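Values in this text are rule-based calculations from the coordinates and carry no lab data. The model shown is predicted, which means the values in this text are computed figures rather than measured ones. FYI the Cβ positions are ideal-geometry reconstructions off the backbone, even for glycines, and counts take in every protein chain you see.
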Amino acid sequence: MAKKEQEMYEGMPVIEASDRKALEKKLEQMESRPEKVVVRISSRAKKIKESAFPLVEFAGIQAGLQLLKIVQTNDIAIVLIPDSVTEIGRGAFRGCTGLTSIVIPDSVTKIGEYAFGGCTGLTSIVIPDSVTEIGRDAFPENTEIIRK
């Protein structure tokens, strides 16, 4: 049986994932881990949950202490959000420093606090008029926000 060819977008592999855990699982299955990826949120998703792609990940409990490990935060370059999503949760992509592009569809009405906080590679973002609620510090300070 022929191996399914990896979908590419702007020279980067496209990986469908709803959160960091799903992304990491799919990255582990690849022959070689790409430096940058494009994350496509499932077309069945209604909301990108709070802290979907966090800076730290729970790694277990040892001697009663929670162990956290820093995960790579510069590997997500582009996020493709389907029309089914109506809300981007608090801190959903916080600290994804490699994120340079995101397309927010007209279906989104709410962007939570710190949703893209610390995404220093995100220099401008187009926000549709459908977005009626934007949480505090949703974007880095120097991000140009363009309403359409």
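Things worth noting here:
- Estimated vicinal HN-Hα couplings, Hz - the stretch 32-40 in sequence order (Karplus 6.51, -1.76, 1.60; Gly, Pro = x): 9, 6, x, 5, 10, 9, 10, 9, 10
- Distant-in-sequence amide H partners of R40 (H built 1.01 Å from N, under 5 Å): I15, E16, A17, L80
- Take the Cα of Q6, step 7 Å toward its Cβ, do the same at S32, and the gap between the two points is 0.9 nm.
- A Cα-only calculation for the stretch 8-147 places Rg and Dmax at 14.9, 50 Å.
- Neighbour-count order for L122, L80, fewest beta carbons within 10 angstrom listed first: L80, L122
- Pairs from the list K4/K47; K21/K148; K21/K46; K4/K49; K21/K110; K26/K46 with a Cα-Cα gap above 26 Å: K4/K47; K21/K148; K4/K49.
- Going by neighbour counts of Cβ atoms within 10 Å, the residues V14, V37 line up, fewest first, as V14, V37.
- Label-to-label distance for I127 and K25 is 3.3 nm, based on points extended 7 Å past Cα in the beta-carbon direction.
- Sorting R147, R40, R20, R33 from the fewest to the most surrounding beta carbons within 10 angstrom yields R147, R33, R40, R20.
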